[in-house]
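Notes follow once the structure below has been shown.
The values are calculated or read from the model by the stated rules, or taken from the named source; none is laboratory data. None of these values were measured; they are calculated from a predicted model. Here the Cβ positions follow ideal geometry from the backbone for every residue, glycine too, while neighbour counts run over all protein chains shown.
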Amino acid sequence: ADVSGKLVLYTSQPNQDAQQTVDAFMAKHPGVEVEWVRDGTTKIMAKLRAEFEAGAPKPDVLLIADMVTMESLKAEGRLMAHEDADISAYDPAIMDPGKTYFSTKLITTGIVYNTNAPMKPTSYKDLLKEEAKGKIAMPSPLTSGAATIHMTALTSNPELGWAYYEALFEQGANPQGGNGGTYKAVAGGEKLYGFVVDFLPIRSKLDGAPVEFVFPEEGVSAVTEPVGILSTAQNPDAAKAFVDFLLSAEGQQLAASQGYLAAHPDIAPPEGFPARDQIKLMEFDPAEALAKDQANKLKFSEIFGG
Amino acid sequence: MSIRLSSLCKSFGDHLALDHVSVEIETGEFFVVLGPSGCGKSTLLRCIAGLEAIDSGEIALGGQMMAGPRTFVPPERRNVGVVFQSYALWPHMSVEQNVAFPLETAGLARSETADQTAACLEMVELAPLAKRRPADLSGGQRQRVALARCLAQSARTILMDEPLANLDPHLRSAMEEELAEFHRKSGSTTIFITHDQREAMALADRIALMKDGKLLQVDAPDKLYSRPASEMAAQFIGRSTIVNATAMQVQNGRARVHWADQPIDVACPSSTRPGPVRLMIRPEHLKPADDGALASIVQRATYRGGYWEAHVRIERTSEEVLVNLATRAGSGDELHLFLDGGWVVPADGPL
Amino acid sequence: MSIRLSSLCKSFGDHLALDHVSVEIETGEFFVVLGPSGCGKSTLLRCIAGLEAIDSGEIALGGQMMAGPRTFVPPERRNVGVVFQSYALWPHMSVEQNVAFPLETAGLARSETADQTAACLEMVELAPLAKRRPADLSGGQRQRVALARCLAQSARTILMDEPLANLDPHLRSAMEEELAEFHRKSGSTTIFITHDQREAMALADRIALMKDGKLLQVDAPDKLYSRPASEMAAQFIGRSTIVNATAMQVQNGRARVHWADQPIDVACPSSTRPGPVRLMIRPEHLKPADDGALASIVQRATYRGGYWEAHVRIERTSEEVLVNLATRAGSGDELHLFLDGGWVVPADGPL
Amino acid sequence: MRASFSAETVSLGLVVAGATLICGLPLLLLFKIGLTGTGGFTLTPLLEALNSRSVQQALWNSIESSTLSALCATVLGTALALIIGLTNVRAKGILVFLILLPMMIPPHVTAIAWIQALGPGSQVLQWFGIAPEIGSTHPLYSREGLVLLLTLQHSPLVFLLVRAALRSFPRELSDAARVCGSGASRMLWKITLPLLAPSLLAGFALSFVAALGNFGINAMLGIPARYTTLPVLVWRRLASFGPDVLPNVAVISVILAAVALLAILLQTGLQKRMRTALIGLPQDALALSLGKNRILIEALLWGFVAAVLVLPAASLLATALVKTYGLPLTWSTLTFENFAEVLWRQSVTVRAFANSSLIAGLAAIAIALVSLLLGYFLTHKRRNHRRAAAAAGAQAEIAFAVPGIVMSIAFILAFIRPLPIINVSLYGTLWIIFVAYVSCFLAIGLKPVTAAYLQIDGSLEEAAKVAGAGFGRRLRRIFAPMIAPAAASGAILVFLTAYNEITVSALLWSTGNETIGTTIFNYEDGGYTTLAAAMSTVVVLATICIMLAMNGLAQRAPAGTIPWRN
Ligand SMILES: Nc1ncnc2c1ncn2[C@@H]1O[C@H](COP(=O)(O)OP(=O)(O)OP(=O)(O)O)[C@@H](O)[C@H]1O
Ligand SMILES: Nc1ncnc2c1ncn2[C@@H]1O[C@H](COP(=O)(O)OP(=O)(O)OP(=O)(O)O)[C@@H](O)[C@H]1O
Ligand SMILES: [Mg+2]
Ligand SMILES: [Mg+2]
């Protein structure tokens, strides 16, 4: 197929990462000119929703944080299947069997703590100890996609369940904003412990920040930064080429070099991460998560208010 | 431009500020309006300028309807110049700019504007202050800027609301002369409000006397002064005393009346009939003389610069009258006066 | 409260608005300031009230230093009442509230405030308009509100800047009487600025004549009128003509002077020496008479209500003088006049 | 009166139509989504929302925090304006400048800075040894904290508005009060403040509506304090990503709009009563002598400036100078890497500066011009003119009250397709952000202008009319110069607000068309807090330079146009 022309990408990757990704892709396909918009998932989705509403969605490709959102777009028929995509090497749990979206990396959520803290947690349950009372920060599932998935994963874990969230509330945990805020609360010492996505503390620790990231015994949840092609794409050929590029070894290597865990199991984790086989992912089914999404958020609101 | 007002009415809330005012002012006339504070003079001007909507009646300038039923020409298209009672100078413009504004608006060339502005400022003796802001001027200076701005416009109709009230008498008479000169040269129709009757007398072709929103009398200055049509007019214009007298004989506009046991020959309107009348006596009608028949006693006297204005009691009638004395007089002094002139005020003035 | 000004100076930029003004005003005096537009009258008042900082000199009220080197008592602690030339009414308050404000500020009881407010409004004939806003008043009505507000304050020192300028003559004389009465009763020291010399003469204990920021002469009204100390004063106060004459003999404040080939007996200052002098002739000094020695021709005459003010040329000297005529005169008319009075103006007035 | 198509009526028509097109139309399209069901127009979603406990709570919180903060901002802003405008404190120009400076820091950055400054990690407080215990709840995470920051953020709005009004205050009105024996405080209460009432009210309304739609502070402090306000609720709804996002958001926006509309109605009602034209010529401002208290007052002023400026600015700088967030600032951790990164390595920074300067500047100018016209009609003698203008004003006000992110959704709805006739699409260009700025911030520029018009003595226009000046000429020669100080204050407020805003452009920017706010936000969002801080620092410095550059313009502009020049 003719891979050329303009490709519009909406992504929630951080700026620098997005730029590198696009640059690498264009180096490979000089005929394609990528026009990209980067923003937080919430804003990207708000923008996209408005464009849907106005009947003129602009992007060809969407590269956003989580599978649940992709699942909902798929359910609305907004995504195009890319039958030729090669996903044989990947864990099927993180790929859509209908081939409408494809995970590109693993951004896990685990525990972060300030190195000045008296206790070093190793399990989610450690946060229920007396030392952590009133000193826990976490992102709110109402604002953060990763936190939603983390909540879904923890509450579907039979050992933790909703009782765990209720216990967190008893501990004075106060879910607020997104991962950035949580990380800053811990790094800045306002709080000592928190749930946060892996790369923030792992990268900053290398720069000397007083934080430590823990992969708890129970495992971590992960958002997988899926990529999908919109059914309204103007340039499906280039879009498919872009997806193929992300799933290729080169694309995966790029993700690792940016400091993320690549979705491809054979790519070595970046500096600061444990070996790939030591990272345990908790069970997660995006379709089910989407179905229970409203109920879960309602339940969460009942516990924490707001 | 001739001005015709027909049955003009204007009220503020339930206060009737103009009450069926009708008058025709001819092109080139200098028309002065006199009247007590709050009688509606400024309102009249504002209606003519188009700054106040009228309730009923009509206003025509130069034969063209300006305001009336279903007609309203906005002020900027009436070509009238106005001196506002409160000056209404633009604080952000210099004196010069204030004066130049109407000229620039009329689209004059820059050099012509500058010339005329300078001429107008010269006329009001403000040329040295041309660059000042209004806020940095004295009260009288501000008033002169307002005057200059109005004159600069060379409108065919000029409305002035007490334009000289805050000037000293010398400047004032200089300005009066300038105004008369300007008026003569430009031929513009001018309506002029003043409280200074001397000024009114000096400048006016005709004077309108206004009270409570109505025009009481419209006449030439000396006529208004010497032949007032009502007691109110007699009292408002100049100083005077009005006494009760009896007309004995009336003939050809002269009447022989009886007052204070004296027969006196005075002017009277043609409508006068023998019988009780009201007689107006101006201070200058009474002259002190050793053989004066009216014995009287000074009640109090006020120095008025060059003469004393005295309230004296006529012994015969116990009435108090006003008289001007050339020499100082104290209360209690005896005087003999004789009456030389007077006017029988029409019985029922158009009140 | 006595007012003492010593060598007061105040300039705006490079314009000297007050130039070493010194004067002592006694407690209870009614002191009128006269002077041409822009001479510094308002500035003087504003300095006394403390609204303008002075450059040098001293101001003392009742013996207490108010402004001077290193002293400045703010206006609110000087206890002076002021009528502003531009009224300065507070637009958000009704007439009543404007007048009541100084009383409330002084901490009077509510009922007393109401009573005094009502009395003051009564005095200026505005009681029916008590609830109106200033914006809804005529010019003269606004001025009266300003007057009432000042009087309500019952300050020991009262400063009035042309408080009657926008009133008709009747209201004006009524207000003059009220003011005189108020002044008599309250015993407050009053400085009063006016352009109306009749008013000044009637009200003043003393009049100060100001020019270019300097006080030219401070004297009792009749003295100022009949014995001006300088040509400028002679010209500014009243109407007059100043002619060249020759003093022949001087004795006891009378001089025999020669003018238009006539020997005349006039008053003169003690400093007069025989020789050329400047002679002031007021219009009332010249009287028309058939046997008058001064043959003259009327140049132009203006009606002034009751009399004509004429510029006449004395044939002998070709000088133009002012004269009041009781009868109408036209330009070119011949007249015979005789001179009865006059004043030799001091050679070098303190200019 | 004759109804004619005079220049005046045509201008009125144009300005109302323009306001409707850029404020009303996008809002209408948005509201339509919330208020249409399967069977057309319906109020059911609105009623449902109003019945929901979370909406009720957020509505109440919004009204409560906006009212409280607007009150405090009015008091604070007015007090500052009065002290600087009427007394003999020294260095007024610098003080004005410093009081305005906090406006230049994006609100969410201010919030972050304050959180840092008063939190356990505060460098400043640690130096003094009074930092809160590590891990303890932050004192700003409370209703009071939220109100405090909103107050600080919005008091410059009131300050500028009142200061502009003070400039046209005729001196003699104060003089008259003082000779009546009233001291400074009585004069303030009885004369100055009542006569400034239209401006105070405008200031209150402006800060109320600004607080109502503020996102940065409401989110940064409100969320951790569990004090949810309507803008945060909107954000939450957006974060659910599902297909019913827009209807939900639209419904909440309708509620916000209703609150704003109510506030406007109240304001116009009150303002009509308070209208008092100030007759008289403005003269040199009063300089009440503070006597011995001057030192004290000056100390308080400088203390205040230090607190609201130095504290957040210092922690901003401290963050910008370390390698990664959380490190203490010491000689060994000090680095200029972040500055080098944002200034030299990231091309987006320079682009963002250029873009923001351009469109914020243009928007400020456009708004000043529109306000000049609209303000004239809002205070017109004829009621029909006033009504028509009020309709335009209300739309602008609602556009300001609705959170910026919602406005940007509305703008996508309205402008994603090419414009009819000229067939140019604004979407994806810088110009859509410009139009959005004009729409969202018109209310800010309009407020001081309207208040100034209310004070102008009507005879000044009458004098121009009789001088033969038509509408355009009166506007240009009489009103424009007299309104200039107020219009300039408004324009400066607009510029500062637009220069740093993050929400309006949030969904409208695109590559090559970044704004400063979005760039900072993206750094922040991507976890590059130190870069965000560096960029904010640069923004503040750049704005200072721009403001100083305005001094150069001051010579040619009417007096008082540049607020920090006397
Ligand atoms: N703020 C100012 N800046 C510059 N000059 C000023 C200022 N205020 C007044 N002046 C000038 O000072 C002089 C005195 O002004 P002042 O107001 O005292 O005059 P005045 O005697 O009251 O005159 P008027 O009778 O016209 O009111 C005037 O020439 C005026 O132009
Ligand atoms: N806006 C208004 N609302 C109510 N009454 C008003 C208004 N304007 C003027 N008036 C009243 O109308 C009457 C006429 O006012 P106008 O200004 O015409 O008087 P004037 O003859 O000019 O008086 P002055 O000589 O005092 O200036 C006055 O009694 C005044 O109180
Ligand atoms: Mg009037
Ligand atoms: Mg004066």
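Just a few scattered comments:
- Residue in region D:171-189 that is within 14 Å of chain C (Cβ to nearest Cβ), surrounded by fewer than 24 Cβ atoms within 10 Å (Cβ to Cβ) and over 30 Å from C:L159 (Cβ atoms) present: no
- Residue in region A:182-193 that is surrounded by 24 or more Cβ atoms within 10 Å (Cβ to Cβ), basic (K, R) and closer than 23 Å to A:M138 by Cβ present: yes
- Matching option when the condition is in contact with a helix residue (DSSP H, G or I) (Cβ under 9 Å, 6 or more places away or on another chain) and more than 16 Å from ligand 3 (Cβ to nearest atom), among C:L151, C:L137: C:L151
- Hey, B:A146 within 16 Å of ligand 2 (Cβ to nearest atom) and in contact with a strand residue (DSSP E or B) (Cβ under 6 Å, 6 or more places away or on another chain) or not: yes
- Verdict on B:S240 being assigned by TED's automatic domain parsing to the domain that holds B:F30, more than 16 Å from B:F30 (Cβ to Cβ), out of contact with any Gly (no Cβ under 6 Å at 6 or more places or on another chain) and of a type in the set (G, A, S): no
- Selection count, region B:134-164, where residues are away from ligand 4 (no atom under 16 Å from the Cβ) and facing another protein chain (nearest Cβ under 7 Å): 1
- So A:S221, is it under 29 Å from A:P175 (Cα atoms), surrounded by 23 or more Cβ atoms within 10 Å (Cβ to Cβ) and not aliphatic (A, V, I, L, M): yes
- When B:A17 is tested against (1) within 14 Å of chain C (Cβ to nearest Cβ); (2) of a type in the set (A, V, I, L, M); (3) within 30 Å of B:L137 (Cβ to Cβ); (4) under 23 Å from the mean Cα position of the chain (by Cα), just one condition goes unmet, and that condition is (3).
- Matching helices (runs of 4 or more DSSP H) fully within region A:118-194 where at least 3 residues are more than 9 Å from chain D (Cβ to nearest Cβ) and at pLDDT 85 or above: A:145-156, A:161-170
- Taken together, the residues in region C:145-166 that are more than 16 Å from ligand 1 (Cβ to nearest atom) and at positive phi amount to 1.
- For region A:274-299, the set of residues classified as surrounded by 13 or more Cβ atoms within 10 Å (Cβ to Cβ), touching a strand residue (DSSP E or B) at 6+ places or on another chain (Cβ under 8 Å) and in contact (Cβ under 8 Å) with a residue 40 or more places away in the chain consists of A:I279, A:L281, A:M282, A:F284, listed by residue number.
- Of all positions in region B:71-94, none carries a residue that is free of Cβ contacts under 8 Å to residues at least 60 places away in the same chain, part of a strand (DSSP E or B) and crowded, with 22+ Cβ neighbours inside 10 Å.
- Criterion (under 26 Å from D:P106 (Cβ atoms), at pLDDT 80 or above and in a helix (DSSP H, G or I)) met by exactly one of D:A463, D:A487, D:A480, D:A452: D:A487
- Restricting region B:114-130 to residues that are closer than 20 Å to C:F12 by Cα and within 11 Å of chain C (Cβ to nearest Cβ) leaves a set whose member that is farthest from ligand 1 (Cβ to nearest atom) is B:E125.
- Summed over region B:299-331, residues that are over 20 Å from B:L279 (Cβ atoms) and outside any strand (DSSP E or B) total 10.
- Verdict on A:A65 being more than 22 Å from D:V234 (Cα to Cα) and modelled with pLDDT under 85: no
- Checked against the criterion of being under 17 Å from D:V494 (Cα atoms) and either touching a residue at least 12 places away in the same chain (Cβ under 8 Å) or within 25 Å of the chain's Cα centre (by Cα) (or both), region D:421-431 contains one or more residues that satisfy it.
- Residue match in region B:123-130 (condition: buried (at least 21 other Cβ atoms within 10 Å of the Cβ), within 16 Å of ligand 2 (Cβ to nearest atom) and not in a helix (DSSP H, G or I)): no
- Residues within region A:169-184 that are closer than 16 Å to A:P121 by Cβ and hydrophobic (A, V, I, L, M, F, W, C), tallied: 1
- All positions within region B:273-304 that are buried (at least 21 other Cβ atoms within 10 Å of the Cβ) and over 18 Å from B:L322 (Cα atoms): B:V277
- Selection status of B:R4, free of Cβ contacts under 8 Å to residues at least 24 places away in the same chain, away from ligand 1 (no atom under 16 Å from the Cβ), under 21 Å from B:S188 (Cβ atoms) and not in a loop (DSSP other than H, G, I, E, B): no
- In this structure, D:A197 does not qualify as buried (at least 24 other Cβ atoms within 10 Å of the Cβ) and either over 21 Å from the mean Cα position of the chain (by Cα) or under 30 Å from D:H380 (Cβ atoms) (or both).
- From the list C:A53, C:A60, the lone residue that is farther than 25 Å from C:M232 by Cα, assigned by TED's automatic domain parsing to the domain that holds C:A165, more than 16 Å from ligand 4 (Cβ to nearest atom) and buried (at least 16 other Cβ atoms within 10 Å of the Cβ) is C:A60.
One line per residue, one yes/no per condition, for (1) within 16 Å of ligand 2 (Cβ to nearest atom); (2) at pLDDT 90 or above:
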{"position": "C:S173", "(1), (2)": "yes, no"}
{"position": "C:E177", "(1), (2)": "no, no"}
{"position": "C:I193", "(1), (2)": "no, yes"}
{"position": "C:D196", "(1), (2)": "yes, no"}
{"position": "C:M201", "(1), (2)": "no, no"}
{"position": "C:A208", "(1), (2)": "no, yes"}
{"position": "C:E231", "(1), (2)": "no, no"}
{"position": "C:A234", "(1), (2)": "no, no"}
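- Test: residue in region C:98-110 that is at pLDDT below 90 and either within 16 Å of ligand 4 (Cβ to nearest atom) or assigned to a strand (DSSP E or B) (or both): no
- Only helices (runs of 4 or more DSSP H) whose full extent lies in region D:221-327 are considered here, and the ones with at least 2 residues that are on the phi < 0 side of the Ramachandran plot and modelled with pLDDT of 85 or more are D:230-238, D:245-274, D:293-305.
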